[in-house]
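Engineer: There's a structure below that I have some questions on.
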Amino acid sequence: MTHVFHRNPRQHLDFAMRGQGIELFDQNGKGYIDASGGAAVSCLGHGHPVVIQAIKDQLDRIAYAHSSFFTTQAAEDLADFLAERAPGDLDHVYFLSGGSEAVEAALKLARQYFVETGQPARRHFIARRQSYHGNTLGALAIGGNAWRREPFLPLLVPAHHVAPCYAYRDQLPGESEEQYAERLAQELEQKILELGAGNVAAFVAETVVGATAGALAPVKTYWRRMREVCDRHGVLLILDEVMSGMGRSGHLFACAEDDVVPDIIAIAKGLGAGYQPIGAMLASGRIYDAIVAGSGFFQHGHTYMGHATACAAALAVQEVIERDHLLANVLARGEQLRGELRSALGQHRNVGDIRGRGLFVGVEFVQDRAGKAALDPAQKTHARLKTQAMHNGLLMYPMGGTIDGVRGDHVLLAPPFICTDADISE
Ligand code: PLP
């Protein structure tokens, strides 16, 4: 009997005993290609000596100091690294221990910003139906994933949702990408006006949708249009790059490709690449300055925020990615992966769409290519795919069931940035 309260207590789990490069090994010595980096986390693969050494060195100096007493060199250096590379003036880095915490902090910062600047009526958040922003109550409240939200609805503040940018399903025949983006921007604007522009705090969205729609990137002008609507009504734009950021898309920040600068951005997963739990929220000068000039205190915080060892690990991860030019590999290997998937599966009757950016790749499954109907959730195709893939020595991240009630019928592939041409083919 196990005393670990696993998230799915009825599921049999093997032991992960060791990891090396793109592979994990279980207690029987069987190897698995980690083609999803867990949940798009392990972007440097496993057992990277530079990161391990950085963690050891940090532990030798100091493992942890509480952020209300001290800062640490590791936190300062990592914040400098991120701020220097972030788009626009997202210069103020607030460290957390994961993605949900980063989103939660972003929601609270947006709200506090409006309280401090004399707009206390701004309290509503608008997000999108195809979205996941985390499992803590605030992040869950804004997310669109009905299945995850359902049991907790009485505990969640009401949130407001608009359509995602889902060209494969929602772009109309004869509609250009620009027209489609414009239609979605109008929907956001209508929602803002419906709620009363002076009551809306922020629009929150994943730059590229991850778990609920399988690496779903927007059409080209989408983010520019959405930003314009937010600006017109004084609504903040919060981008959640917990999954799509930190190089996964081929750019350190995914939004760089969309020519848009949010007011707040949330990152995690690839930041520490699984070597330590760490997330962060980057805020613009306007927001930071308002807090400093106002109460002078962001009313938030966690015991482990800015954890020195986690910061040292994340800095080493990011320095290796830059030193080894791994983002160029992300772009090249991503193209290769989509190309090989299209050759092998593109005409399969149950494969509707193969998509993504960089090494953030989704395959959407359908009952038939023409009808695009989602697979029957009762068949648990995703669970069977995962089991069969593991049997064959492959880890990938499947989601199953409904499309508009949001869960998606797809697998997500997010291999480590170090993977080679041959790894992708295998
Ligand atoms: N936001 C997005 C886009 C995510 O994909 C996730 C996790 O999958 C989260 C937030 C929550 O992150 P965490 O599981 O680290 O709390």
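The values are calculated or read from the model by the stated rules, or taken from the named source; none is laboratory data. Only a predicted model underlies this, so the values are computations on that prediction, with no experimental measurement involved. Every residue, glycine as well, gets a Cβ built from its backbone with ideal geometry; the counts of neighbours run over all protein chains shown.
Engineer: Looking at region 86-100, which of its residues are out of contact with any strand residue (DSSP E or B) (no Cβ under 6 Å at 6 or more places or on another chain) and farther than 21 Å from residue 40 by Cβ?
Structural biologist: 88, 89, 91
Engineer: Hey, another quick one. Go over the candidates 83, 79, 54 one by one and state the one that is surrounded by 21 or more Cβ atoms within 10 Å (Cβ to Cβ) and either closer than 27 Å to residue 134 by Cα or within 16 Å of the ligand (Cβ to nearest atom) (or both).
Structural biologist: 79
Engineer: Another one. When region 367-398 is examined, which residues are found to be farther than 16 Å from residue 341 by Cα and part of a loop (DSSP other than H, G, I, E, B)?
Structural biologist: Scanning region 367-398 gives 367, 368, 370, 371, 372, 373, 374, 375, 376, 380, 392, 393.
Engineer: If residue 291 satisfies every condition in (1) away from the ligand (no atom under 12 Å from the Cβ); (2) within 15 Å of the chain's Cα centre (by Cα) but one, which is the exception?
Structural biologist: Here residue 291 clears every test but (2).
Engineer: How many residues are part of a helix (DSSP H, G or I) and either within 16 Å of the ligand (Cβ to nearest atom) or touching a strand residue (DSSP E or B) at 6+ places or on another chain (Cβ under 6 Å) (or both) if we restrict to region 241-257?
Structural biologist: 2
Engineer: Follow-up. Residues that are farther than 18 Å from residue 104 by Cα and at pLDDT below 95: list the helices (runs of 4 or more DSSP H) wholly contained in region 136-203 that include at least 1 such residues.
Structural biologist: 146-149, 167-170
Engineer: Any residue in region 22-44 that is within 30 Å of residue 159 (Cβ to Cβ), free of Cβ contacts under 8 Å to residues at least 24 places away in the same chain and not aromatic (Phe, Trp, Tyr)?
Structural biologist: Within region 22-44, not a single residue is within 30 Å of residue 159 (Cβ to Cβ), free of Cβ contacts under 8 Å to residues at least 24 places away in the same chain and not aromatic (Phe, Trp, Tyr).
Engineer: A further question follows. Among what's in region 64-76 and is of a type in the set (A, V, I, L, M, F, W, C) and more than 14 Å from residue 314 (Cα to Cα), pick the residue that is surrounded by the fewest Cβ atoms within 10 Å (Cβ to Cβ).
Structural biologist: Selected residue: 69.
Engineer: Kindly list the number of the only condition in (1) closer than 25 Å to residue 284 by Cβ; (2) in contact with a Phe, Trp or Tyr (Cβ under 6 Å, 6 or more places away or on another chain) that fails for residue 145.
Structural biologist: (1)
Engineer: Does residue 212 satisfy the condition of being of a type in the set (S, T, N, Q), modelled with pLDDT under 95 and buried (at least 24 other Cβ atoms within 10 Å of the Cβ)?
Structural biologist: Judged against the criteria, residue 212 is a match.
Engineer: Out of region 236-261, which residues are in contact (Cβ under 8 Å) with a residue 40 or more places away in the chain and among the small types (Gly, Ala, Ser)?
Structural biologist: 244, 247, 249, 250, 254, 256
Engineer: Of all residues in region 209-240, which are closer than 13 Å to residue 260 by Cα, part of a loop (DSSP other than H, G, I, E, B) and within 16 Å of the ligand (Cβ to nearest atom)?
Structural biologist: Result: 218, single match.
Engineer: Tell me the residue from 111, 128 that is of a type in the set (D, E, K, R) and away from the ligand (no atom under 14 Å from the Cβ), please.
Structural biologist: 111 is the lone residue from the list that is of a type in the set (D, E, K, R) and away from the ligand (no atom under 14 Å from the Cβ).
Engineer: Related question: So which helices (runs of 4 or more DSSP H) stay within region 36-110 end to end and still have 3 or more residues that are in contact with an Asp or Glu (Cβ under 7 Å, 6 or more places away or on another chain) and assigned by TED's automatic domain parsing to the domain that holds residue 302?
Structural biologist: Where helices (runs of 4 or more DSSP H) fall fully within region 36-110, none carries at least 3 residues being in contact with an Asp or Glu (Cβ under 7 Å, 6 or more places away or on another chain) and assigned by TED's automatic domain parsing to the domain that holds residue 302.
Engineer: Is there any pair with a first residue in region 182-203 that is under 26 Å from residue 118 (Cβ atoms) and a second that is of a type in the set (Lys, Arg) whose Cβ atoms are under 7 Å apart and which are 6 or more apart or on different chains, and what are they?
Structural biologist: Partner pairs satisfying both residue conditions: 198/122; 199/122; 199/123; 200/122; 201/111; 201/122; 201/123.
Engineer: Mind listing whichever residues of region 131-166 are within 12 Å of the ligand (Cβ to nearest atom), among the hydroxyl-bearing types (Ser, Thr, Tyr) and buried (at least 16 other Cβ atoms within 10 Å of the Cβ)?
Structural biologist: Across region 131-166, the qualifying residues are 131, 132.
Engineer: Could I ask something else about it? So which of 18, 7 ends up being within 19 Å of residue 277 (Cα to Cα) and in contact with a Phe, Trp or Tyr (Cβ under 7 Å, 6 or more places away or on another chain)?
Structural biologist: 18 is the lone residue from the list that is within 19 Å of residue 277 (Cα to Cα) and in contact with a Phe, Trp or Tyr (Cβ under 7 Å, 6 or more places away or on another chain).
Engineer: Anything in region 253-273 that is surrounded by 22 or more Cβ atoms within 10 Å (Cβ to Cβ) and not aliphatic (A, V, I, L, M)? List them, or say none.
Structural biologist: 253, 255, 258, 262, 263, 269, 270, 272 - these are the residues of region 253-273 that are surrounded by 22 or more Cβ atoms within 10 Å (Cβ to Cβ) and not aliphatic (A, V, I, L, M).
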